[in-house]
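Engineer: Below: one structure in structure tokens.
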Amino acid sequence: MGTGGGGQCQRAVGFGGAQTGPNPTDRAKQGSKHHVLTDAQGLPLSVLLTAANVNDVTQLQPLVKAIPRIAGKPGAPRCRPECVQGDRGYDSEPHRCWLRRRGIQPVLAQRRTEHGSGLGKTRWVVERTLSWLHQFRRLRVRWERRADIHYAFLTIGCILISWNFLHHEF
């Protein structure tokens, strides 16, 4: 499992609207950020849309809570991952404790430590999924003023990624 979102900002062209805020990396232009939680192969499990100036750490719990139940095998449907990997933007001790209470192993890079934690060997999967999402023109630059419409396009993008992945698997 991995979470992503840092640096994945889209500018809301021409207007503001809900879920937009000043982008800290693009001269304070209005923008949005996509937060994605994927499985180990890069299939998006949950996705959120926030303003560009929202801290990533505030979105960890909503991302994990948004994971749908996965049915298929006999027994109760699986509703939580075994572990969650994330970059320094998702690091906080209260969130680590929250994940452990839910039976999820947190593998989050710690802030104010040297790079080289080893997460880059598996975090590229999330970055690849974000890249797949941003191949859709409607998601690369936010043209919609209404957040619900942009979120709908984001959901459709996740559906198309899942369809393409599953179509090539079988």
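Engineer: Per the helix-only calculation at 222 nm, which mean residue ellipticity applies to the chain, given -39500 (n - 2.57) for every DSSP H run of n ≥ 4 and division by its residues, nearest 500 deg cm²/dmol? Display every interim value, and only then the final one.
Structural biologist: Details: 5 runs with 56 residues, N = 170.
Calculated at 222 nm, the ellipticity per residue is -10000 deg cm²/dmol.
Engineer: Something else about it: Output wanted: per-residue J couplings in Hz (rounded whole) for the stretch 92-106, from phi through Karplus 6.51 cos²θ - 1.76 cosθ + 1.60, θ = phi - 60°, x for Gly and Pro.
Structural biologist: 3J(HN,Hα) across the stretch 92-106, in whole Hz: 6, 5, x, 6, 4, 5, 4, 5, 4, 4, 7, x, 10, 7, x.
Engineer: May I ask you to list the lysines whose Cα is less than 27 Å away from that of K33, ignoring any residue fewer than eight positions away on the same chain?
Structural biologist: Straight-line reach from K33, under 27 Å: K65, K121.
Engineer: Could I ask something else about it? Fully extended, how many nm does the chain gain between K29 and N55 (0.36 nm per residue separation, minus their Cα-Cα distance)?
Structural biologist: On the way: separation 26, 0.36 × 26 = 9.36 nm, distance 1.66 nm.
Extending this stretch completely gives an extra 7.7 nm.
Engineer: If I stretch the segment between W124 and H168 completely, what's the gain in nm (0.36 nm per residue apart, minus their alpha carbon distance), one decimal?
Structural biologist: Values: separation 44, 0.36 × 44 = 15.84 nm, distance 2.03 nm.
Result: 13.8 nm gained on full extension.
Engineer: Write down the percent of antiparallel bridges among all DSSP beta bridges whose residues are both part of the stretch 2-169, to the nearest 5.
Structural biologist: Working: 16 of 22 bridges.
Looking only at bridges with both residues in the stretch 2-169, the antiparallel portion is about 75 percent.
Engineer: Stretch A152-R101 to full length: gain in nm at 0.36 nm per residue minus the Cα-Cα span? Numbers along the way, then the final one.
Structural biologist: On the way: separation 51, 0.36 × 51 = 18.36 nm, distance 3.21 nm.
Result for the pair: 15.2 nm of gain on full extension.
Engineer: Oh, and also: Using Cβ counts within 10 Å as a stand-in for footprinting exposure, how do I149, I67 rank, fewest first? Intermediate values should be presented prior to the final figure.
Structural biologist: On the way: I149 14, I67 17.
Ordered from fewest to most neighbouring Cβ atoms within 10 Å, I149, I67 come out as I149, I67.
Engineer: Determine the distance separating the Cα centre of the stretch 117-170 from the Cα centre of the stretch 18-58; give it in Å without decimals.
Structural biologist: 12 Å
Engineer: Next question. Residue by residue through the stretch 143-155, what is 3J(HN,Hα) from phi via Karplus (6.51 cos²θ - 1.76 cosθ + 1.60, θ = phi - 60°)? Round to whole Hz and write x for glycine and proline.
Structural biologist: Computed from phi, the couplings for the stretch 143-155 are 9, 8, 7, 7, 5, 5, 5, 5, 5, 5, 5, 5, 5 Hz.
Engineer: If R₀ is 30 angstrom, what is the calculated FRET efficiency for the pair E93 and H115, using the beta carbon separation as r and rounding to 0.05?
Structural biologist: Working: r = 21 Å, r/R0 = 0.68.
Given R0 = 30 Å and the Cβ-Cβ separation, E is 0.90.
Engineer: Kirkwood hydrodynamic radius, the chain, all distinct C-alpha pairs: what's the number in Å? If you can, show how the numbers build up before the last one.
Structural biologist: Numbers: mean 1/r = 0.0600 Å⁻¹.
The answer is 16.7 Å.
Engineer: Using mean Cβ contacts within 10 Å as the protection proxy, how do 19-31, 84-96 order, highest first?
Structural biologist: Values: 19-31: 16.2, 84-96: 19.6.
Most protected by this proxy first, the peptides run 84-96, 19-31.
Every read-out reported here was derived from the displayed coordinates using simple, explicitly stated rules and does not represent laboratory data. Note that the structure is predicted; figures quoted are calculated from it, not measured. Using ideal geometry, Cβ is built from the backbone for each residue, glycine included, and neighbour counts are taken over all protein chains shown.
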